[in-house]
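Here's the structure we're looking at; comments come further down.
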Amino acid sequence: MGGPVNSHLTPIARSMAADANYLWHPVHDCEDLLLAPYAMHSANSQGRRHRESPHPYRGPFQRDRDRIVHTAAYRRLAYKTQVFTGNWGDYHRSRLTHTIEVASVSRTLSRALRLNEDLTEALALLHDIGHPPFGHAGEDTLDESLRADGGFSHNGHALRIVEKLEKRYPGFFGLNLSIEVLESQDFRVRKSKGGQSPLLEAQAVEAADSVTYDTHDADDALELGLLRLDELLELPLWHEARRRVRSKFTGLTRKELRRSVYRELIDWHVSDLIRVANERLGQFAPSSAGDVRRLPEIISPSDELREKKAELESFLHERVYRHAKVLQMRARAQQYLTEMIHGYVLRPALMPKTFRRRIGTEGLRRTVGDFVAGMTDRYAHKQYRRLFAGD
Ligand code: MG
């Protein structure tokens, strides 16, 4: 495809269109113009497990992003706990709004570094899709209950969802995502793969996830009254952010100060990540996405910021994640899920037919795990009360 008149093409695309072996695509043309050589270019994708024809105007990673957005698992993130549950009002982040914030920050990183934004966004929207109900309490319970069957991790479960559990196409299970998307998510599961590094688009999402939860967990905890602003402002990270805010604004109310510090923190983190990444890219000069795999990590914070982030994280760990109310919620969630998993294992007939059919191939306990992991917090509550409370 190149069309009889290709005068609208860039010189690179024109020369490629002239090569009979090169499959020209409008997205390749845009990427040739906009992306850095070390970005993951759609034209170099290894494709999909099940062969598909190219879409006339969407690139492969755009299609991946769209497929993820249209899954039931993605929509259910709206009713899954990030750190705080729905019983605590409507201000705090859900797993879905956390995901959207990660996508926003990682796209900013991606654009500034001239990476593939479509791939970055697909990876961001996918990164937490495997989270079970009730956040990490749910994950730990599933992991314990499935210990003899290989355990459970939300990162690994995301791959199960997009490869096995979602049924969208007549010929196969899963979403048939591009190999680069699956491999990048697999990095989240295994952390290291024979000394290779993830693509820069995946590194952007990893860094954005950390920026996002560090900032929004503190913001949610402030709003819910678990922390006081003065306490956070004593930490070096927040202290420095306040100093920066004060150099720009005077006479702020407490609320304005809090919002401004929050905004400053994200901007500081993102600017630091871009600065450090550009320094490393200058130093290593990768000329392709393949080169990036052989290099040390490029997108990570400076030593100064990493140190300050670590102090905030240990503070949040003590004061928020181990707060009596959060621990109480955690204990209740673990009790619900443990009893439910046990109950469904004893009485698999209580599960829907689509899950019962999988028992033969996947095993009973893994199937129960898949069913329970897919539940939203409120559906899990409802099922527990309907079927197991008082067992
Ligand atoms: Mg996350």
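Listed values, structure above:
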{"item": "Odd one out for residue 361 among (1) within 20 Å of residue 131 (Cα to Cα); (2) free of Cβ contacts under 8 Å to residues at least 60 places away in the same chain; (3) hydroxyl-bearing (Ser, Thr, Tyr)", "result": "(1)"}
{"item": "Residue tally, condition open to solvent by 40 Å² or more (accessible area, probe 1.4 Å), farther than 25 Å from residue 140 by Cβ, touching a residue at least 60 places away in the same chain (Cβ under 8 Å) and among the charged types (D, E, K, R), over segment 54-88", "result": "1"}
{"item": "Single residue of segment 26-38 satisfying the filter (within 25 Å of the chain's Cα centre (by Cα) and assigned to a helix (DSSP H, G or I)) that is modelled with the lowest pLDDT", "result": "27"}
{"item": "Pairs where the first residue, in segment 208-229, is in contact (Cβ under 8 Å) with a residue 24 or more places away in the chain and the second is open to solvent by less than 20 Å² (accessible area, probe 1.4 Å) and of a type in the set (Gly, Ala, Ser), C-beta under 6 Å, 6+ apart", "result": "208/106; 227/221"}
{"item": "So residue 241, is it in a helix (DSSP H, G or I) and within 16 Å of the ligand (Cβ to nearest atom)", "result": "no"}
{"item": "For residue 182: the one exception among (1) within 15 Å of the ligand (Cβ to nearest atom); (2) within 14 Å of the chain's Cα centre (by Cα)", "result": "(1)"}
{"item": "Residues of segment 186-219 that turn out to be open to solvent by less than 10 Å² (accessible area, probe 1.4 Å) and within 12 Å of the ligand (Cβ to nearest atom), as a count", "result": "7"}
{"item": "Yes/no for residue 385 being farther than 30 Å from residue 210 by Cα, in a helix (DSSP H, G or I) and at pLDDT below 95", "result": "yes"}
{"item": "Residue in segment 258-267 that is farther than 24 Å from residue 110 by Cα and surrounded by fewer than 16 Cβ atoms within 10 Å (Cβ to Cβ) present", "result": "yes"}
{"item": "Which listed residue is open to solvent by 20 Å² or more (accessible area, probe 1.4 Å), within 27 Å of the chain's Cα centre (by Cα) and not polar (S, T, N, Q), from 293, 254, 243", "result": "293"}
{"item": "Scope segment 135-154; condition within 15 Å of the ligand (Cβ to nearest atom) and either modelled with pLDDT under 95 or over 12 Å from the mean Cα position of the chain (by Cα) (or both); matching residues", "result": "135, 136, 138, 139, 153"}
{"item": "Count of segment 108-122 residues which are open to solvent by 10 Å² or more (accessible area, probe 1.4 Å) and either at pLDDT below 95 or under 12 Å from the mean Cα position of the chain (by Cα) (or both)", "result": "1"}
{"item": "One residue from 98, 70, 41, 131 being modelled with pLDDT of 95 or more and closer than 30 Å to residue 285 by Cβ", "result": "41"}
{"item": "Which listed residue, of 152, 172, is open to solvent by less than 20 Å² (accessible area, probe 1.4 Å) and outside any helix (DSSP H, G or I)", "result": "152"}
{"item": "Every pair of residues 6+ apart whose Cβ atoms lie under 6 Å, when the first sits in segment 260-280 and is among the β-branched types (Val, Ile, Thr) while the second is open to solvent by less than 10 Å² (accessible area, probe 1.4 Å)", "result": "261/241; 261/245; 266/215"}
{"item": "Residue in segment 337-355 that is modelled with pLDDT of 95 or more, assigned to a loop (DSSP other than H, G, I, E, B) and surrounded by 14 or more Cβ atoms within 10 Å (Cβ to Cβ) present", "result": "yes"}
{"item": "Subset tally (residues that are free of Cβ contacts under 8 Å to residues at least 40 places away in the same chain and over 24 Å from the mean Cα position of the chain (by Cα)) for segment 369-391", "result": "5"}
{"item": "Any hit, segment 283-290, residues being farther than 23 Å from residue 111 by Cβ and open to solvent by less than 20 Å² (accessible area, probe 1.4 Å)", "result": "no"}
{"item": "Single match in 227, 265, 295, 237 (criterion: within 18 Å of residue 113 (Cβ to Cβ) and of a type in the set (A, V, I, L, M, F, W, C))", "result": "295"}
{"item": "Residues of segment 89-98 classified as touching a residue at least 24 places away in the same chain (Cβ under 8 Å) and either in contact with a Leu (Cβ under 6 Å, 6 or more places away or on another chain) or of a type in the set (Lys, Arg) (or both), total", "result": "2"}
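The values are calculated or read from the model by the stated rules, or taken from the named source; none is laboratory data. Fair warning: this is a prediction, and the values are worked out from it, not measured in the lab. Reconstructed Cβ throughout: ideal geometry from the backbone, glycine too, with neighbour counts over all protein chains shown. Accessible surface areas use protein heavy atoms only, side chains included; no ligands, DNA or RNA. Shrake-Rupley method; radii C 1.70, N 1.55, O 1.52, S 1.80 Å.
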